[in-house]
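Worksheet for the structure shown next.
The values are calculated or read from the model by the stated rules, or taken from the named source; none is laboratory data. Here the structure is a predicted model, which is why all the values come from computation and not from measurement. No Cβ is skipped: glycine too gets one built from the backbone with ideal geometry, and neighbour counts run over all protein chains shown.
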Amino acid sequence: MANINVINQVLVLFIIVSIGYYCGKKAIITEEINQGLSDVLIKVACPLLVINSFNFHISHKILSNIIMIIILSFIVYIFFILISKILFITFNGNKKNIAEFFSIFSNCGFMGFPVLYAIYKDVGVLYASVFNISFNIFIWTYGIMIFKGKKSFKGIKSIIKNPGIASVIIGIIVMLLPVKLPYAIMHSIELVGSMTTPLSMIVIGFMLTKIDIKMIFSNLSLYYICFIRLVFAPVATWAILSIFHADQLVKNVIIMCEAMPAASLGAIFAQSSGKEPEYASQVIFITTLLSVISIPLVIMCIL
């Protein structure tokens, strides 16, 4: 069942990417429209998706596991930030930035949630949502710095004003409220946030119209990044977590989150900063394609 869910999720991704590709080829989406869609994703849809992911109540039974996931996920991200400097020491320029980004950040939301639901049901999604707290903190701080440089990091004030981090703060407030927000508000947030995946895939599909698909399968650097993302990342995560005493379910969720293909936001960040978005789209395309093989293998190893 888990393997079928993985295949279905990958098919959904490719179908939506194909729609974006078609729209680009037929000039339904232009460069200007694509830039606008990227802005909507980063400033509106994605932040609302983050806020909606916090819309749950914490029980005392799983509180310790939630705290452990936050601690361990921070350790894992710090490790990958440090090791990425070594893994891609031979890369140069924008390709180095893109490679480092994708070695650190996976598609742990759209791809991770359904896979973990198939394996662990609601508790899997809950723990994956907690992992996404760290994901959003790092991707909206260090992730942006990779593309825009250290000058984009201007202290606590700039972090709070960042739409991604602001959404995490708002999400925590929503989670801690003694009462739920009105249905109309939360459902509106959920609906707009759910635009994130289809819009991001459409944008990526448009970007693919600007590249030679044949080049994807002849560029060896792409396969090295794929190896790091799909093989090295989950294995290294398993090795790190084996040092710590924690619930095995907690460890498995974190490993699965790190086993996902490249984060689709990487192409959006590359697009908004003008740093080879086509190359970023190629990485996402090929890692997502190969993940249909790698993810089931990881599942077999940890179960």
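Quick notes on this structure:
- Taking the criterion of being in contact (Cβ under 8 Å) with a residue 40 or more places away in the chain and assigned to a helix (DSSP H, G or I), the residues of segment 175-198 that qualify are M175, M186, I189, E190, V192, G193, T196, T197, P198.
- Residues of segment 104-140 that turn out to be over 10 Å from the mean Cα position of the chain (by Cα) and closer than 15 Å to A270 by Cα, as a count: 1
- Taken over segment 170-188, the criterion of being surrounded by 14 or more Cβ atoms within 10 Å (Cβ to Cβ) and within 16 Å of S129 (Cα to Cα) is satisfied by I170, G171, V174, M175.
- Test: residue in segment 22-39 that is among the aromatic types (F, W, Y), over 16 Å from the mean Cα position of the chain (by Cα) and crowded, with 17+ Cβ neighbours inside 10 Å: no
- Criterion (farther than 23 Å from V12 by Cα and at pLDDT below 95) met by exactly one of G274, G266: G274
- Single match in I293, I255 (criterion: aliphatic (A, V, I, L, M), in a helix (DSSP H, G or I) and in contact (Cβ under 8 Å) with a residue 40 or more places away in the chain): I255
- Residues being among the small types (G, A, S) and without any contact (Cβ under 8 Å) to a residue 60 or more places away in the chain - total across segment 199-220: 1
- Here I66 passes the criteria (1) under 19 Å from the mean Cα position of the chain (by Cα); (2) hydrophobic (A, V, I, L, M, F, W, C); (3) closer than 20 Å to F135 by Cα; (4) modelled with pLDDT of 85 or more except the one numbered (1).
- Any chance S53 is touching a residue at least 24 places away in the same chain (Cβ under 8 Å), buried (at least 17 other Cβ atoms within 10 Å of the Cβ), over 19 Å from Q282 (Cα atoms) and of a type in the set (G, A, S): yes
- Residue count for segment 18-65 under the criterion of being of a type in the set (A, V, I, L, M) and within 30 Å of L249 (Cα to Cα): the result is 7.
- With respect to the conditions (1) under 30 Å from I119 (Cβ atoms); (2) in a helix (DSSP H, G or I); (3) at pLDDT 85 or above, I243 falls short on a single one, namely (2).
- Residue list for segment 135-150, restricted to those being touching a residue at least 40 places away in the same chain (Cβ under 8 Å) and either in contact with an Asp or Glu (Cβ under 8 Å, 6 or more places away or on another chain) or crowded, with 16+ Cβ neighbours inside 10 Å (or both): F135, N136, F138, I139, Y142, G143, I144, I146, F147
- Residue under evaluation Y279, criteria (1) in a helix (DSSP H, G or I); (2) more than 20 Å from the chain's Cα centre (by Cα), criterion not met: (2)
- Top-ranked residue in segment 201-240 [being in contact with a Lys or Arg (Cβ under 8 Å, 6 or more places away or on another chain) and part of a helix (DSSP H, G or I); ranked as surrounded by the most Cβ atoms within 10 Å (Cβ to Cβ)]: W238
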